[in-house]
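Heads up, the thing below is written out as structure tokens.
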Amino acid sequence: GMPAAPPRPVGTRRVSRQIHVGNVPVGGDAPVSIQSMCTTLTSDVNATLQQIAELTTAGCQIVRVAVPSQDDADALAAIVRKSPIPVIADIHFQPKYVFAAIDAGCAAVRVNPGNIKQFDDKVGEIARAAKGAGTPIRIGVNAGSLDKRLLEKYGKATPEALCESALWECSLFEEHDFRDIKISVKHNDPVIMIQAYRLLAQACDYPLHLGVTEAGPAFQGTVKSAVAFGALLAEGIGDTIRVSLSAPPIEEVKVGAAILESLGLKERRLEIVSCPACGRAQVDVYTLANEVSAGLEGMEVPLRVAVMGCVVNGPGEAREADLGVASGNGKGQIFVRGKVIKTVPEAQIVETLIEEAMRIAEEMEADGAAS
Ligand code: SF4
């Protein structure tokens, strides 16, 4: 079989310093990593570990958990010990949980200086503890909890305000010779968010965690995140991403993976190339595409499957893919690596494609194992 094509770069990547979130490098030449956040109560260790396991299977590489109470802080050590991926503690309001998270061995701590009282006074202590444990800090600025001083200066959460807030907070850590930092500046408006990250990208070399905050329900949130991350990543900006959806976190991971795959920043797994159908379609393309997609879900090999409605572009696309069907006259011509291997009646298209896909996947896996 043919080796999988390597991801193609989308543009020159911004040069950022590299940090390590547990065993996951972030920044520098490290691949852009995918994050999500648990929706479980952190104090419920079993439920949280269960969700982390599901997220990991879906492709999540770094996971964040909220720490709003002492019970949550107390649960961190057990979660960190058993999680298959690095765990970041998300701390608002209470600096004492920052120290608890560092002590618990969290791979990083996210702080939102905008809502930690007397944050400036605490920075020295946090920097010392984090440095001692080798724990990086994410400075997470949010439009909704912007520093009062900057809110007064700018009137609202403008890109300049978000950027200035983040850089100011970095400078507090830098005074204590602490630079093991990554930054996020989130806003619910992709236009503001994109501009804030562009400013930040020029002003510093810290790795950047991309996020559109409160992006909304699945459909809207997916579009907003894809547009914003796409614009920035195509400019080489962004080292790790978190899609925020008002939907189960596993959806965030799938969307994040699809965004990176679309930009060639992550090796594709299954890709369905299907036509939108038009007046020429001679089969039900939507149903076909959905059924093939569902039948092949979870497939680990980078397989490209073309599902085309008619003979205009059908044979061409089907030929370019690993596997494909071009339909016409109630029949499907099945292509494997450019050659028609058989023609089947419409009712057998889906099962034939799935069968062939499984066979090709086995071959690819065997080749992979041999090389
Ligand atoms: Fe229309 Fe055929 Fe193109 Fe599908 S492949 S959009 S059916 S012309």
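Once the Cα-Cα distance is subtracted from the 0.36 nm per residue extended length, the Arg128 to Ser262 segment shows a gain of 44.2 nm. With viscosity 0.890 mPa s and temperature 25 °C, the Kirkwood radius over alpha carbon pairs of segment 1-117 converts through Stokes-Einstein to a diffusion coefficient of 159 µm²/s.
Between Glu175 and Thr56, take the C-beta separation as r, use R0 = 45 Å, and let me know the FRET efficiency to the nearest 0.05. Calculated value: 0.75. Dipole orientation for the chain: of the candidates Gly114, Leu296, Ile360, Gly114 has the Cα lying most toward the positive pole (charges on Cβ; Lys, Arg +1; Asp, Glu -1). Qualifying trypsin sites (Lys or Arg not before Pro) in segment 185-249, where qualification requires a DSSP coil assignment and no more than 11 other C-beta atoms within 10 Å, are lacking entirely. Could you tell me which of rounded, prolate or oblate describes segment 198-354, using a ≥ b ≥ c as the square roots of the eigenvalues of the alpha-carbon gyration tensor, with rounded for a/c under 1.5 and, failing that, prolate when a/b is larger than b/c and oblate otherwise? Cα axes put segment 198-354 in the prolate bin.
List the lysines whose alpha-carbon lies under 17 Å from that of Lys224, not counting same-chain residues fewer than 8 positions away? By straight Cα distance, Lys224 reaches Lys186, Lys254. Distance from the alpha carbon centroid of segment 297-329 to that of segment 195-216 works out to 38 angstrom. Give me the angle, in degrees from 0 to 90, between the Cα long axis of helix 249-262 and the longest principal axis of the Cα atoms of the chain, rounded to the nearest 10. Orientation of helix 249-262: about 70 degrees from the principal axis. Taking the longest Cα principal axis of the chain as reference, the axis of helix 349-370 is set at about 60 degrees. Taking only the C-alpha atoms of the chain, Rg followed by Dmax gives 23.4, 75 Å. Applying a DSSP loop filter and a limit of 15 other Cβ atoms within 10 Å to the trypsin sites (Lys or Arg not before Pro) in segment 93-125 leaves Lys117. In this structure, the amide hydrogen of Arg64, modeled 1.01 Å from its nitrogen in the peptide plane, lies closer than 5 angstrom to those of Ser36, Met37, Cys38, Ile88, counting only residues at least 5 positions away or on a different chain. Ordered from longest to shortest, the equivalent ellipsoid semi-axes for segment 89-243 are 25, 17, 15 Å, each the square root of 5 times a Cα gyration tensor eigenvalue. Spin-label model, Asp74 to Arg17: label points 7 Å out along the Cα-to-beta-carbon direction sit 3.8 nm apart.
The modelled label-to-label distance for the pair Val227/Ala203, using points 7 Å beyond Cα in the direction of Cβ, is 2.5 nm. Which whole-angstrom value gives the distance between the alpha carbon centres of segment 65-89 and segment 99-138? When both Cα centres are located, 15 Å separates them. Looking at segment 255-348 alone, DSSP beta bridges between its own residues are antiparallel in about 60 percent of cases.
The magnitude of the dipole of the chain, with charges of +1 and -1 set on the Cβ of Lys/Arg and Asp/Glu and taken from the Cα centre, is near 620 debye. Computed from Cα positions, the angle between helix 190-203 and the longest principal axis of the chain comes to roughly 60 degrees.
Among beta bridges from DSSP that stay inside the chain, the antiparallel ones total about 30%.
Each residue, Phe219 and Val312, gets one label point 7 Å from its Cα in the Cβ direction; the gap between the two is 2.6 nm. The charge dipole of segment 56-202, taken about the Cα centre with unit charges on the Cβ atoms of Lys, Arg (+1) and Asp, Glu (-1), comes to about 300 debye, rounded to the nearest 20.
Coordinate-derived values only; no laboratory data. Here the structure is a predicted model, which means the values were calculated and not measured. Neighbour counts run over all protein chains shown; Cβ positions are idealised from the backbone, glycine included.
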